[in-house]
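**Student:** Pasting a structure below so you can have a look.
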Amino acid sequence: MDDSEKLIEKMKLIEALHSGATTPGEKQAAENALQKIKDRLDQIKKVDPPVEYKFSMQNIWSRRIFLALLRRYDLKPYRRFRQRYTTVMVMVSKTFVEETLWPQFLALDKELTAHLNEIADKIIRRAVFDDSSEAEEVQAIGFEE
């Protein structure tokens with residue numbers, strides 16, 4: 001199993017965890033997990049009506065995974081005229097955002113970011129230079145206060 005397949009498996013397990021799956025069989029059945037989350041969203045909508053949310057993503061990868069997650073739950077992301085490309089708007093229940101959507105996004109985003117950072121580090125080390133660590137922090141040089 002290569003790194004990409006491992007990442008996909010981790011992401012499936014994260015979704016199963018956030019759907020409330022309790023048995024190993026449920027964790028293996030991605031469609032069951034998805035349906036559970038959609039059913040939960042429908043139940044929440046009855047007591048907690050959708051409101052407009054504005055999310056700002058830090059990078060294109062976070063934005064892409066967030067958009068995919070919204071669409072997976074049949075939520076319709078949009079942007080208003082002149083809003084930044086990094087802005088994502090959606091009508092969704094507060095309860096669903098707090099209990100399911102945002103925690104799941106954070107977990108998925110963390111895994112994806114770690115994976116992409118690892119790949120980028122390998123490429124930089126092999127193609128440019130072995131040391132790609134952060135720059136050293138020093139006191140101001142040549143400036144008198």
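**Student:** For region 87-129, what are the residues that are under 14 Å from Lys54 (Cα atoms) and out of contact with any Lys or Arg (no Cβ under 6 Å at 6 or more places or on another chain)? Give the steps one after another, and end with the answer.
**Tutor:** Filtering region 87-129 for residues under 14 Å from Lys54 (Cα atoms) gives 87-94, 97-98, 101-102.
Result: Val88, Val90, Met91, Val92, Lys94, Val97, Glu98, Leu101, Trp102.
**Student:** Another question, then. Quick one: count up the residues across region 90-143 that are without any contact (Cβ under 8 Å) to a residue 24 or more places away in the chain, among the hydrophobic types (A, V, I, L, M, F, W, C) and in contact with a Ser or Thr (Cβ under 9 Å, 6 or more places away or on another chain).
**Tutor:** 2
**Student:** Any chance you could count how many residues in region 90-105 are within 19 Å of Met57 (Cβ to Cβ) and either open to solvent by 10 Å² or more (accessible area, probe 1.4 Å) or not in a strand (DSSP E or B) (or both)?
**Tutor:** To start, the set of residues in region 90-105 that are within 19 Å of Met57 (Cβ to Cβ) comprises 90-92, 96-98, 100-105.
Restricting the remaining residues to those that are either open to solvent by 10 Å² or more (accessible area, probe 1.4 Å) or not in a strand (DSSP E or B) (or both) gives 91, 96-98, 100-105.
Of the residues in that region, 10 qualify.
**Student:** Within region 51-74, take every residue that is part of a strand (DSSP E or B) and free of Cβ contacts under 8 Å to residues at least 40 places away in the same chain and give me the one that is most open to solvent (accessible area, probe 1.4 Å). Explain how you work it out, then say what you get.
**Tutor:** Let us first name the residues in region 51-74 that are part of a strand (DSSP E or B), namely 51-56.
Adding the requirement that they be free of Cβ contacts under 8 Å to residues at least 40 places away in the same chain leaves 52, 54-56.
Numbers: Glu52: 82, Lys54: 130, Phe55: 18, Ser56: 81 Å².
The qualifying residue most open to solvent (accessible area, probe 1.4 Å) is Lys54.
**Student:** Considering only residues that are outside any loop (DSSP other than H, G, I, E, B) and of a type in the set (S, T, N, Q), look in region 106-145 and name the one that is nearest to Ile44 (Cα to Cα).
**Tutor:** Step one: list which residues in region 106-145 are outside any loop (DSSP other than H, G, I, E, B), which gives 106-127.
Of the ones still in play, those that are also of a type in the set (S, T, N, Q) are 113, 117.
Working: Thr113: 30, Asn117: 36 Å.
Filtering first and then ranking leaves Thr113.
**Student:** What's the number of the condition Asp39 fails, among (1) among the charged types (D, E, K, R); (2) farther than 28 Å from Glu9 by Cβ; (3) open to solvent by 60 Å² or more (accessible area, probe 1.4 Å)?
**Tutor:** Going through the list (1) among the charged types (D, E, K, R); (2) farther than 28 Å from Glu9 by Cβ; (3) open to solvent by 60 Å² or more (accessible area, probe 1.4 Å), Asp39 breaks only (2).
The values are calculated or read from the model by the stated rules, or taken from the named source; none is laboratory data. Worth saying up front: this structure is predicted, and the values here are computed from it rather than measured. Note that each Cβ is placed from the backbone with ideal geometry, even for glycine, and that neighbours are counted across all protein chains shown. Surface areas here come from the heavy atoms of the whole protein model, side chains and all, with no ligands, DNA or RNA. Shrake-Rupley method; radii C 1.70, N 1.55, O 1.52, S 1.80 Å.
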